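Participant: I'd like to ask some things about the structure below.
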Amino acid sequence: MKKISNLVLLFTIIFFVSCSSDDGEDTILEPGANSTGNMYASIQGVDFAASKVKAYKQTNYTYIEGAQDISSKSGTYSKVTIRITVQDLKQPMLFGIGENGNGLIYYAHSTLTYTLKSGNPSLEYKGEYVENLSLLEITELTEKKISGTFGFRAVNNNTATTNLNVEEGRFSITF
């Protein structure tokens, strides 16, 4: 009986030791964490150049994001982020960007977020459709790369500055 107990103990130790090795395969990465590329735009006439980009697919949505760190500059913001979400993207094409409502359904949505340096909540603007401005054109789409151009009107009903134009946007991201 002592031999069986020792064998059970030995197998238990071997099992736990073999499961605890750090081979890196079990590391969970944030979606799009390995993305590289660029995203540029003009926000109300001010240049935006993303220092971090990511693109990824989850279920039937494709996410395209660029963030510019501005913490080293004076002002109240630490980061500006542009995020575009596209539903059912299967091939390069042109989309209107907007929020669903008034009987309209948009397959491309956008947000512009200003992250404040202090503990205050971020300012989030939603893309509103404006003819000849609020457009997303996917010009290249493969299993590992997405490229295109965009523009939209960013609206936040909770601030004095309710409309910001995001223009001349372009991106090319490998994921």
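The values are calculated or read from the model by the stated rules, or taken from the named source; none is laboratory data. Keep in mind the model is a prediction, meaning the values are calculated, not measured. Glycine gets a Cβ as well: all are built from the backbone with ideal geometry, and neighbour counts include every protein chain shown.
Participant: Any idea which of 164, 89 is in contact (Cβ under 8 Å) with a residue 60 or more places away in the chain and on the phi < 0 side of the Ramachandran plot? Working first, answer last.
Facilitator: Working: 89 fails: in contact (Cβ under 8 Å) with a residue 60 or more places away in the chain.
Selected residue: 164, the only one of 164, 89 that is in contact (Cβ under 8 Å) with a residue 60 or more places away in the chain and on the phi < 0 side of the Ramachandran plot.
Participant: May I pose another question? Give the number of residues within the stretch 100-151 that are under 22 Å from residue 69 (Cα atoms) and free of Cβ contacts under 8 Å to residues at least 12 places away in the same chain.
Facilitator: Number of matching residues: 4.
Participant: Could you say which residue among 151, 101, 169 is in contact with an Asp or Glu (Cβ under 6 Å, 6 or more places away or on another chain) and among the small types (Gly, Ala, Ser)? Spell out how you get there, then give the answer.
Facilitator: Details: 101 fails: in contact with an Asp or Glu (Cβ under 6 Å, 6 or more places away or on another chain); 169 fails: in contact with an Asp or Glu (Cβ under 6 Å, 6 or more places away or on another chain).
151 is the lone residue from the list that is in contact with an Asp or Glu (Cβ under 6 Å, 6 or more places away or on another chain) and among the small types (Gly, Ala, Ser).
Participant: Could I ask something else about it? Residue by residue through the stretch 51-107, note down the ones that are modelled with pLDDT under 90, surrounded by 12 or more Cβ atoms within 10 Å (Cβ to Cβ) and in a strand (DSSP E or B).
Facilitator: Passing the criteria: 77, 78.
Participant: Something else about it: Among the candidates 140, 65, 128, 124, which residue alone is more than 26 Å from residue 34 (Cα to Cα) and of a type in the set (Asp, Glu)? Break it down into steps so the answer makes sense when it comes.
Facilitator: On the way: 140 fails: more than 26 Å from residue 34 (Cα to Cα); 65 fails: more than 26 Å from residue 34 (Cα to Cα); 124 fails: more than 26 Å from residue 34 (Cα to Cα).
One residue alone meets the criteria, 128.
Participant: Something else: Quick one: in the stretch 159-175, which of the residues that are farther than 22 Å from residue 54 by Cα and of a type in the set (A, V, I, L, M) is surrounded by the fewest Cβ atoms within 10 Å (Cβ to Cβ)?
Facilitator: 160
Participant: Answer with yes or no whether residue 32 is surrounded by 10 or more Cβ atoms within 10 Å (Cβ to Cβ), modelled with pLDDT under 90 and at positive phi.
Facilitator: Details: surrounded by 10 or more Cβ atoms within 10 Å (Cβ to Cβ): yes; modelled with pLDDT under 90: yes; at positive phi: yes.
Yes.
Participant: Could you run through the stretch 125-158 and say how many residues are surrounded by 13 or more Cβ atoms within 10 Å (Cβ to Cβ) and in a loop (DSSP other than H, G, I, E, B)? It would help to see each step written out before you state the result.
Facilitator: As a first pass, look at the stretch 125-158 and keep what is surrounded by 13 or more Cβ atoms within 10 Å (Cβ to Cβ): 125-130, 133-139, 141, 145-156.
Checking the rest, the ones that are also in a loop (DSSP other than H, G, I, E, B) come to 129-130, 133-134, 156.
So the count comes out to 5.
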